[in-house]
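The values are calculated or read from the model by the stated rules, or taken from the named source; none is laboratory data. These figures come from a predicted structure and were not determined experimentally. Positions of Cβ are backbone-derived with ideal geometry, glycine not excepted, and every protein chain shown enters the neighbour counts. Note: areas computed on protein heavy atoms with side chains; ligands, DNA, RNA excluded. Shrake-Rupley method; radii C 1.70, N 1.55, O 1.52, S 1.80 Å.
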Amino acid sequence: MKIVTIIGARPQIIKAAALSRAIREHYVDQVQEIIVHTGQHYDDNMSQVFFDELQIPRPDYNLHVGSATHGVQTAKMIEGIEDILFKELPDFIVLYGDTNSTLAGAVAAAKIHTPIVHIEAGLRSFNKSMPEEINRIVCDHCSTLLFSPTKAGFDNLKREGFPIDNEGPYNIDNPKVYHCGDIMYDNSLYFSAIAEQKTDVINRLGLRDKPYVLATIHRDSNTDQPKRLGAIFDAIVKIAEEHPVVLPLHPRTSKLIKTNLSEQFQQTIFDSANIKLIPPVSFLEMIQLERHASLIMTDSGGVQKESYFFRKPCVILRPETEWVEIVKTGAATLADADKDIILEASQEYLRQSPANYPEIFGDGHAAEFMLEKMLELCH
Ligand code: UD1
Ligand code: UDP
């Protein structure tokens with residue numbers, strides 16, 4: 001079986017590590033993987049670091065599209081991916097998540113009848129002002145094999161009319177949907193022991209055995225709106241009066257802090273000894289930071305889940321989430337960009353950490369499950 005895997009943004013590069021590892025360990029004689037990096041993320045600490053650290057094979061192609069408006073960026077990717085699909089003629093194209101790289105892969109492949117495998121299918125925020133919501137809906141509806149990490153995702157697809165008990169042959173008009181667990185859970189289990197051996201970010205930041213809060217912010221709905229970005233940082237400044245707050249800053253956020261917060265407020269943030277603004281960290285460093293944090297605040301999809309994997313309470317800086325199960329367990333709270341709710345939820349979690357983290361993300365072998373199903377379909 002020959003697959004073309006499309007990656008481009010940080011979380012997709014990390015996710016690809018799990019599938020590539022499963023191929024290397026169990027299916028090397030049966031599966032040929034061609035990796036295409038769209039170049040959506042390109043800074044070393046948003047891309048190369050993950051190849052070096054997570055043993056992901058070097059991409060066979062890099063489209064180097066870089067940053068641009070949604071239309072320009074996606075169009076360049078579609079053009080490049082179409083060329084590669086014509087040349088490689090794979091059995092499947094594998095697409096992860098909901099970024100512009102996912103959308104481009106879906107549009108390019110569906111039009112020339114390359115069957116699409118969508119990993120992380122079915123997730124919905126029910127908020128179409130998010131670019132990701134558009135991307136994931138289009139991708140799901142162009143796919144032949146849909147792997148949903150959660151029951152909620154599987155149920156969303158059922159509600160949208162995807163067939164559930166259908167028989168093959170499977171194709172874009174008769175797709176096959178599975179609920180199979182989360183590939184990032186595979187990765188978190190695999191890399192957490194390695195993270196403790198290979199990184200010392202905790203010591204470097206002087207946080208060993210100290211309670212601290214880990215925060216990430218990068219959603220356009222937060223970074224691009226001065227009022228929302230300001231409210232989140234107001235809450236962070238307040239929390240930092242008592243606890244160190246570590247913020248590995250996404251490049252989008254570093255840029256927009258400068259334009260969307262007043263100079264005086266920026267100075268307050270930079271002067272606070274307890275607010276540690278640092279460049280994006282590697283995945284192993286991130287895992288170590290997550291495992292030792294007392295609380296995690298984030299608008300990231302991946303970081304919400306990792307909080308749960310590592311049994312840490314999470315304040316979600318969004319009005320809604322695709323990962324509804326973790327909110328239902330009480331381990332995460334939707335605080336939006338509301339300073340009072342962020343503070344209230346944080347104080348509550350810092351006073352008493354939730355104890356209940358039922359298994360909702362599978363058994364850590366989602367990648368093997370997906371490869372088995374792809375191989376079945378291919379033969
Ligand atoms: C993208 C995804 C988002 C995902 C996130 C993961 C879309 C529409 N959005 O958002 O779903 O959660 O990646 O991190 O696909 N930049 C750099 N260096 C880089 C990459 C980006 O400086 O290596 C800066 C540029 O100013 C760029 C901005 O970050 O304009 C945003 O990058 P972009 O890839 O467009 O969107 P993200 O916000 O990263
Ligand atoms: N991550 C990382 N370094 C960082 C911040 C995040 O390695 O400085 C990892 C994080 O552990 C998770 C993934 O990046 O696995 C999440 O990516 P991001 O928050 O950029 O995007 P999202 O998941 O929201 O699409």
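When the chain is treated as a Gaussian network with alpha carbon springs shorter than 10 Å, the biggest mean-square fluctuation among 267, 32, 347 belongs to 267.
Taken per residue, the accessible surface of segment 232-379 reaches 42 Å², heavy atoms only and a 1.4 Å probe.
Taking 224, 299, 140 as the candidate residues, the one with maximal mean-square fluctuation in a Gaussian network model of the chain, Cα springs under 10 Å, is 224. Considering only 166, 261, 78, and ranking their Cα positions along the charge dipole of the chain that arises from unit charges at the beta-carbon of Lys, Arg, Asp and Glu, the one farthest toward the positive end is 261.
With the Kirkwood sum run over all distinct C-alpha pairs, segment 125-170 has a hydrodynamic radius of 11.7 Å. For segment 96-153, the Stokes-Einstein estimate of translational diffusion at 25 °C and a viscosity of 0.890 mPa s comes to 220 µm²/s, using the Kirkwood hydrodynamic radius over alpha-carbon pairs. Note on exposure: 138, 65 ranked by accessible area (1.4 Å probe, complete protein assembly) read 138, 65, with the most exposed listed first. For segment 189-325, the equivalent ellipsoid built from the Cα gyration tensor has semi-axes of 24, 18, 13 Å, listed from largest to smallest.
Ellipticity at 222 nm from helices only: DSSP H runs of n ≥ 4 in the chain, each -39500 (n - 2.57), divided by the residue count, give -14500 deg cm²/dmol. When 290, 160 are compared by accessible surface with a 1.4 Å probe, the order from highest to lowest is 160, 290.
Summarising the amide proton neighbourhood of residue 8: residues at separation of 5 or more, or on other chains, whose placed amide H is nearer than 5 Å comprise 13, 38. Here segment 208-359 exposes an accessible surface that is 48 percent carbon and sulfur, computed with a 1.4 Å probe and the other protein chains kept in place. At a probe radius of 1.4 angstrom, the accessible area of segment 1-72 per residue rounds to 43 square angstrom.
Among the trypsin sites (Lys or Arg not before Pro) found in segment 192-244, those both in a DSSP coil and sparsely packed, with 12 or fewer other Cβ atoms within 10 Å of their Cβ, are 208. With a cut-off of 17 Å on the backbone N, the residues of segment 173-199 near the modelled label site 7 Å out from residue 151 along Cα-Cβ are 178-182. The value for the chain of Rg(Cα) / (2.2 N^0.38 Å) is 0.97. In loop segments of segment 330-366 as defined by DSSP, the GluC sites (Glu not before Pro) with at most 15 further C-beta atoms inside 10 Å of their C-beta are 359.
Running a GNM on the chain with Cα contacts under 10 Å, which residue among 164, 93, 183 ends up with the highest mean-square fluctuation? Between 164, 93, 183, it is 164 that shows the largest mean-square fluctuation. Expressed as a whole percent, the accessible surface of segment 126-189 that belongs to carbon and sulfur atoms is 55, based on a 1.4 Å probe. Measuring between alpha carbons in the structure, the pairs from 87/111; 151/176; 176/305; 238/258; 305/373 lying more than 18 angstrom apart are 176/305; 238/258; 305/373. Evaluated at q = 0.09, 0.13, 0.19 Å⁻¹, the base-10 log of the normalised Debye intensity for segment 101-253, with identical point scatterers placed on the Cα atoms, takes the values -0.46, -0.84, -1.15.
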